[in-house]
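A quick write-up on the structure given underneath.
Each value in this text was obtained by applying a stated rule to the coordinates, not by laboratory testing. For clarity, every value in this text was computed on a predicted model and none was experimentally measured. Cβ placement follows ideal geometry from the backbone for every residue including glycine, while neighbour counts extend to all protein chains displayed.
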Amino acid sequence: MIRKLALTLLCSASLAAMAQTEIPLYQQIPNSIATPNRESSATDQKGIVRISKVSQPTLKVYLPSKEKATGTGIIVVPGGGYSILAIKHEGDDVAKALNEMGIAAFVLKYRLPDDSTMVDPSIGPVQDAQRAIQMVREKAKEYGVKAGHLGILGFSAGGHLASTAGTHFDTHYIEVDRKTNLRPDFQVLIYPVISFTDSLMHKGSRTRLLGEKPSEEKIKAFSNDQRVTAKTPPAFLVHAKNDKTVLIQNSRQFYAACLQHKVPAELYEFEQGGHGFGMINPTSAVKWMDLLQEWLKKNKFLK
């Protein structure tokens, strides 16, 4: 009896360890400059964890229990203005909540643009997003993710990165030896940075990614509402009307572009809430994660 209990505990521990495994994205990081790892993490009084100076990207794997597993997977992309990563309330906490829905989650710790660590800082983050999609697709059987059921979810600047993955998939920023499909099957964009135009941009995100004086060509290329086509993955968006950090017109323009090209899309607008509330908007009884679950089921991405 004791031996059986010990084996049960050991198996449970092994499953827990496997369910939260952090793995490097690359054996050899592309577009990189060899420098010491200066990554650091800080936690404020509210418990918000911020990681800065990320130059060695990873993917943290959170797998649901076999009893709950649905075959759906989502890559989670924390925000932080391309300056830091809000890795807990826009990353790990979200992954755990997705596991409760039976969704396999993968938290992306992507490189933050930096001239000292990247040859071209503007493409470092999207390289990491595409590599995350490639890795999950190539290990889909191991992770229990069914074909046609892998999405990407991003917050704020992480929403910009998620929408970049959702609109730049025809441009391969990484090597794809196995011809893996880099198009996410759906995208979830939470108070996302979308446009880099002067009137709508979040200045910090644009400056960090594209530099102080980006060309009009670069601005257009990374204003993702301008890259929506009929092939763009279905989109679920959430934004607060009183967001002064990232204007709600970012989400509205992306949503309108999706409708124009007949891409299934839904936008939920909170009256209040500002920016950066993560999964829970304290000003409303509405839980957008519940709305997301309904939308995924309605669009047959979740059983």
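Of note:
- Here Leu189, Leu161, Leu200 are screened, and the one residue that is in a loop (DSSP other than H, G, I, E, B), in contact (Cβ under 8 Å) with a residue 40 or more places away in the chain and out of contact with any Lys or Arg (no Cβ under 9 Å at 6 or more places or on another chain) is Leu200.
- Test result for Pro282, in contact with a Pro (Cβ under 7 Å, 6 or more places away or on another chain) and not charged (D, E, K, R): no
- When the test is whether a residue is within 25 Å of Gln20 (Cα to Cα) and free of Cβ contacts under 8 Å to residues at least 40 places away in the same chain, Lys139 passes it.
- Residue tally, condition under 12 Å from Thr117 (Cβ atoms) and surrounded by 12 or more Cβ atoms within 10 Å (Cβ to Cβ), over region 36-51: 2
- Residue count for region 43-59, restricted to those that are under 16 Å from Val76 (Cα atoms) and part of a strand (DSSP E or B): 5
- Sole exception among (1) out of contact with any Cys (no Cβ under 7 Å at 6 or more places or on another chain); (2) farther than 28 Å from Thr117 by Cβ for Thr232, by number: (1)
- All positions within region 265-285 that are polar (S, T, N, Q) and either closer than 13 Å to Leu237 by Cα or crowded, with 18+ Cβ neighbours inside 10 Å (or both): Asn281
- Residue in region 76-93 that is part of a loop (DSSP other than H, G, I, E, B), hydroxyl-bearing (Ser, Thr, Tyr) and over 25 Å from Leu296 (Cβ atoms) present: yes
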